[in-house]
Every structure is written in structure tokens, then in C-alpha cells.
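**Q** Structure provided below as C-alpha cells; questions to follow.
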Amino acid sequence: MQPNLMKIVEESNLRKDPLEFEIGDTVDVHTRILEGTKERIQVFNGVIIARRGRGMGETFTVRRIIAGEGVERTFPVNSPKISKLDIIRHGVTRRAKLFYLRDRVGKATRLAERRPKKKD
Amino acid sequence: MPVGLLGRKVGMTQVYVESGELEVVTVIEAGPCPVLQLKTEDRDGYEAVQIGFGKKPRRLAARSERGRVANINGRVQKQKLEAGEELLPKADCEPPVYVREFRTEGEEHSCEVGQDLTVAVFAEQSCVDVIGTSKGRGFAGVMKRHNFQGQRATHGVKRVHRHGGSIGMSADPARVFKGTRMAGRYGGVQITVRNLKVVKADEGNNILLVRGAIPGPNGGMVIIRHTNKY
């Protein structure tokens, strides 16, 4: 049997420390950006509204409101430019894609915070 | 030109390069390619290195194919030995699926029969050319084959939405010019893509990553050579 060469190539490129997050989480995404020769960290804060694809092509979308305008950024999950992903709070969600948040403004965009599950 | 390699297109994906940027790459399973024969000006009329790729099960390989890689103790060989002829050196490997030659034309190369060429030959190289057979599309219309616009969907166009329109003038010249682009066989021909960047040459796994697309379907045979375009 031939070794799956595609897998070999992709696995060596996946993150060594997989990002852990869920849809509806409010997060800080720390990205490394190069300015001239200097490297600095930029933080993008918002709610994760979607996660799509798998393997090398997997991405997640973070939405936030900046100056009254909705802004969405899509990051590749495996990008080495993402240095850190801080989860600030978990939101209660009933679907995998939170696109309905795009139609909402103000207070309606809030998600209820998810409490840790009670133990029996 | 230094000797290149034969390989198999595995598929396309994307990888991160050192700077953290994404690079779109084609994965090629390249080599190991045993050197089967060195052709010489004296004996063959030209100079070339003949290499193979892939392993054919011996039960499927014809006797001539097995004889290419090993000395079969047969009638012809005995005749040659009796006549005092010297036998050609053989690679002594499994019969290859594909055999191709690289013309050397008097240039230096350090290949010897039996030696395995690997992707190490491209390790220092920044760019390569890839030669393959493009996907056959059968008898294709002008829109697919020549990127014609076709005709409108509405405004009185009837049943000719994907036609090419006029193919020439009227009573003068009263013929269709040669080379006028029309429908016909499309694809399935040899295509060379030049100057593809080598993203990675992984000798352990016989993997070559080149930037961008290469001709042919996944699993198709390709020839990889050093580029002469800079």
C-alpha cells in the first residue's frame, strides 16, 4: 500500500498546539504581523460565529462591532501567525453558524453565558 | 542540462512557508528513479540517461521489460557472449512502469547505471519545469476550448447559446481561413509548465512540493526537469 503522501505533507503543517474553541465563544485572537522588520502582536477581539473546512483549509470567523459597523475576520486555524487565542467567555448557542447575529444590532447580539455543567 | 526525475502527481494542497505565508502547492511523488542505461554517441548515436519510475509486478512485466533491468540468461545473451560481445551493465532493479530519457549532449553528469536518483537533485534548485499530459476533455465546444463568449441567453437567441458565431466572411474569400478556432478535441496533450518554484524537496518521503498547478489528473505521470528559464 502506498503511504498517503498528501497526509504526510499536510500533517507536518498542522499546528502542534491545536486551537481549542467553540462556536459562540468570545475570544482575543493574537496575530503576529510584520511591520517593516519589526514584529508585533495585534489583537482582534470578537465572537466566533463560524468554523468551516478541515485539515489545512480549516478557518474560523470572528465578528465584532467596531464604531457601529460590523467587522468580520476569517483566520486559518493552522496559521503560524496566530500566536495565541484567549477565550474570554463561552456563549450559549443552538447552532453551528451564528450568521443570525449579522441581522442584529445592540443588545440583541449578546449571547447568554454558558455556565459549567452541573454535576449530578 | 542535468538529469531530472519522473514522478506522479499526488494532488494539490496548501502549506505554510517559513514566513508564515500560505503557499499553494502541488504534491509530486518524485523518484526514486533508477538509472537504467547510459546512451552514448558511439553506440546509440546520441547521449542520454535513461531512467525509470514505479515498480511493475514481475508477473506483468514482459520479458523484454525484465531484460531491460537485469541480465536474463537467455539465448540472445549466450549468442552475444559466444561472439565475444560485452554485455551492457544493468540496473538490477524491479521493472519500472515508466521509462524516459534525458538527453545530455556531452554535458557532465555523475549518473551510473543502477544508481537511484532522488529529489535531492532538486534540493539546491529554486525552480523546475514540469511536463505532463493534460486532462483529456474529449470533443469540446468553442466556449470550453477557446474561451469564446457564446451568445446571449435571451433577446431572440435560439438554440445557439454556446455557439461561436461567424467563422468568416462571404463570397470573398469564399472559404474559411486555416487555423480558425472551432470545436474539436481538447486536452490530452503534452504540456510543459515552466519555472515552478520548489517549495520543498523531502528526500525521506520522496516528496517534491512545487508552487502552483501542474498538468494532468492526480495519479498522472510527470517529468520534472531543471528549468533553463531564469
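**Q** Inside the range A:6-45, can you point out the residues that are in a strand (DSSP E or B), within 14 Å of chain B (Cβ to nearest Cβ) and surrounded by 13 or more Cβ atoms within 10 Å (Cβ to Cβ)?
**A** Selection gives A:His30, A:Thr31, A:Arg32.
**Q** A follow-up question, please. Could you tell me whether B:Tyr46 is away from chain A (no Cβ under 14 Å), open to solvent by 60 Å² or more (accessible area, probe 1.4 Å) and touching a residue at least 40 places away in the same chain (Cβ under 8 Å)?
**A** no
**Q** Another question about this same structure. Could you tell me which of the residues B:Phe102, B:Phe177 is at pLDDT below 90 and either in a loop (DSSP other than H, G, I, E, B) or of a type in the set (Phe, Trp, Tyr) (or both)?
**A** B:Phe102
**Q** Here's a follow-up. Taking the range B:17-45, which residues are under 30 Å from B:Arg68 (Cα atoms) and not hydrophobic (A, V, I, L, M, F, W, C)?
**A** Residues satisfying the conditions are B:Glu29, B:Gly31, B:Pro32, B:Pro34, B:Gln37, B:Lys39, B:Thr40, B:Glu41, B:Asp42, B:Arg43, B:Asp44, B:Gly45.
**Q** Applying the selection to the range B:1-39, what residues are outside any strand (DSSP E or B), open to solvent by less than 50 Å² (accessible area, probe 1.4 Å) and more than 10 Å from chain A (Cβ to nearest Cβ)?
**A** B:Val3, B:Gly4, B:Gly31
**Q** Are any of the residues in the range B:128-149 part of a loop (DSSP other than H, G, I, E, B) and touching a Phe, Trp or Tyr at 6+ places or on another chain (Cβ under 6 Å)?
**A** Scanning the range B:128-149, I find at least one residue that is part of a loop (DSSP other than H, G, I, E, B) and touching a Phe, Trp or Tyr at 6+ places or on another chain (Cβ under 6 Å), so the answer is yes.
**Q** Could you pull out the residue among B:Arg152, B:Arg137, B:Arg59, B:Arg63 that is open to solvent by 60 Å² or more (accessible area, probe 1.4 Å) and touching a residue at least 12 places away in the same chain (Cβ under 8 Å)?
**A** B:Arg137
**Q** Any idea how many residues of the range A:96-120 are exposed (fewer than 10 other Cβ atoms within 10 Å of the Cβ) and within 17 Å of A:Phe21 (Cβ to Cβ)?
**A** If we filter the range A:96-120 for residues that are exposed (fewer than 10 other Cβ atoms within 10 Å of the Cβ), which is where we start, we get A:103, A:106-108, A:115-120.
Right, trim to within 17 Å of A:Phe21 (Cβ to Cβ) and you get A:116.
Within the range A:96-120, residues that are exposed (fewer than 10 other Cβ atoms within 10 Å of the Cβ) and within 17 Å of A:Phe21 (Cβ to Cβ) number 1.
**Q** Among the strands (runs of 3 or more DSSP E) contained in the range A:46-99, which hold 1 or more residues that are away from every other protein chain (no Cβ under 14 Å), at pLDDT below 90 and closer than 21 Å to B:Gly20 by Cα?
**A** Passing ranges, in order: A:82-89.
The values are calculated or read from the model by the stated rules, or taken from the named source; none is laboratory data. A quick note: this is a predicted structure, and the numbers were derived from the prediction, not measured. FYI the Cβ positions are ideal-geometry reconstructions off the backbone, even for glycines, and counts take in every protein chain you see. When the accessible area is computed, the model is the full protein with side chains, heavy atoms only, and any ligands, DNA or RNA have been set aside. Shrake-Rupley method; radii C 1.70, N 1.55, O 1.52, S 1.80 Å.
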